[in-house]
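See structure below.
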Amino acid sequence: MDRHRRILVIEDDDSIRAAVVNILSHDGHQVTGAASGEEALRQYAGGVFDLVVLDLMLPGVSGLNVCDEIRKREPAQPILMLTAKSGEVDLLEGFRRGADDYVAKPFRMSELRARVLALLRRSAPTRRSATGFRFGRWWVRPPMLDAKLGDRVISLSDRELELVMLLAGQDGQIVSRSQILQELWGIADPNKIITRRVDMLVAKLRSKLHIAGETPIETVHGAGYRYESRRFPLSD
C-alpha cells in the first residue's frame, strides 16, 4: 500500500505553520507542527518522519542548530529549508549543515508542494533504514525489527513496528482504530467492518513494551490510542 508520509513542519510563524500543515494534510500526509526548535527536537525524538520542513530563523534553538541535531540522530533524514534569507552565503550554510533543498519566503504553496513531493520521491527507498528512535523508554531499531532498553532486547513483527511508527509519528495525537486499520491493513472503509485485530495487536505490543508498571501506548476510551513522548523525558 502507498502509505501517507509523515512530515514534521517546524515554523515559529503561526499563520505560515498553519497554512503549511493544512495544505500538506490536505494532500494526505500525516503532519506534525512545531513552533520552536526545542519543541521540534522533542517531537523528532519521539517519532520517525519521512520529511522535515524547517524554518531557518527560529527563536531559541536556531533552525541551523536543529538541522545539526537531526543530522546527528539520522544522517539520511530529508530536510527542506524555509528561509526568508536570499543571500548565497546563508543558503550555502544551510546546505553545509545538511539541508537537501530550500524554499525562499514568500513562497507559493504550489512551489512548496512540488519541492515536498520531489524530496519524498527521492528519499523513499532509504527511509526504512532509519537507525532508530525513542518510543517511551525504549529505543526502536527498524532495520533490526526490535526495541532495546538497557540490556533487554525484544523482537517486533513488521506490523508491530508499523504501529509503533504510526503512533510515534502522531506524537500527542489520538490515532483512531479506523486509521490504524487503514494504515496497517489497507482496509478502505473500516467503519463497515467489525474486527478486534487492532485491539489484539495493541495488547500484544503492550505486553512486549510493558516496563515497571507503565506502557507507552495510552487508550483514549471511545476514540483510539495515543503516544506522548513528553511522558517519558530524557532525564528520567
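Values as computed for the structure displayed
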| item | result |
| --- | --- |
| Subset tally (residues that are assigned to a loop (DSSP other than H, G, I, E, B) and either in contact (Cβ under 8 Å) with a residue 12 or more places away in the chain or within 17 Å of Ser178 (Cβ to Cβ) (or both)) for segment 194-222 | 8 |
| Count of segment 178-193 residues which are within 17 Å of Gly222 (Cα to Cα), surrounded by 11 or more Cβ atoms within 10 Å (Cβ to Cβ) and modelled with pLDDT under 80 | 2 |
| Odd one out for Leu54 among (1) closer than 22 Å to Arg226 by Cα; (2) not in a loop (DSSP other than H, G, I, E, B) | (1) |
| Close pairs from segment 18-29: first at negative phi, partner in a helix (DSSP H, G or I), Cβ under 7 Å, at least 6 apart | Val20/Leu112; Ile23/Met109; Ile23/Arg113; Leu24/Val116; Asp27/Arg113 |
| Matching option when the condition is touching a strand residue (DSSP E or B) at 6+ places or on another chain (Cβ under 6 Å) and at pLDDT 90 or above, among Asp146, Asp199 | Asp146 |
| Out of Arg206, Arg134, sole residue that is closer than 14 Å to Val48 by Cα, at pLDDT 85 or above and of a type outside the set (S, T, N, Q) | Arg134 |
| Residues of segment 24-38 satisfying the condition of being surrounded by fewer than 17 Cβ atoms within 10 Å (Cβ to Cβ), outside any loop (DSSP other than H, G, I, E, B) and out of contact with any Gly (no Cβ under 8 Å at 6 or more places or on another chain) | Ser25, His26 |
| Unique match (being surrounded by 22 or more Cβ atoms within 10 Å (Cβ to Cβ), at pLDDT 85 or above and of a type in the set (Phe, Trp, Tyr)) among Tyr102, Tyr44 | Tyr44 |
| Residue check for Val20: touching a strand residue (DSSP E or B) at 6+ places or on another chain (Cβ under 7 Å) and either at pLDDT 90 or above or not in a helix (DSSP H, G or I) (or both) | yes |
| Any hit, segment 4-16, residues being in contact (Cβ under 8 Å) with a residue 12 or more places away in the chain, surrounded by 21 or more Cβ atoms within 10 Å (Cβ to Cβ), in contact with a His (Cβ under 7 Å, 6 or more places away or on another chain) and of a type in the set (Val, Ile, Thr) | yes |
| Within segment 57-98, tally of residues that are within 17 Å of the chain's Cα centre (by Cα), part of a loop (DSSP other than H, G, I, E, B) and modelled with pLDDT of 85 or more | 2 |
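The values are calculated or read from the model by the stated rules, or taken from the named source; none is laboratory data. Here the structure is a predicted model, which is why all the values come from computation and not from measurement. Glycine also receives a Cβ, built like all others from the backbone with ideal geometry; neighbour counts cover every protein chain displayed.
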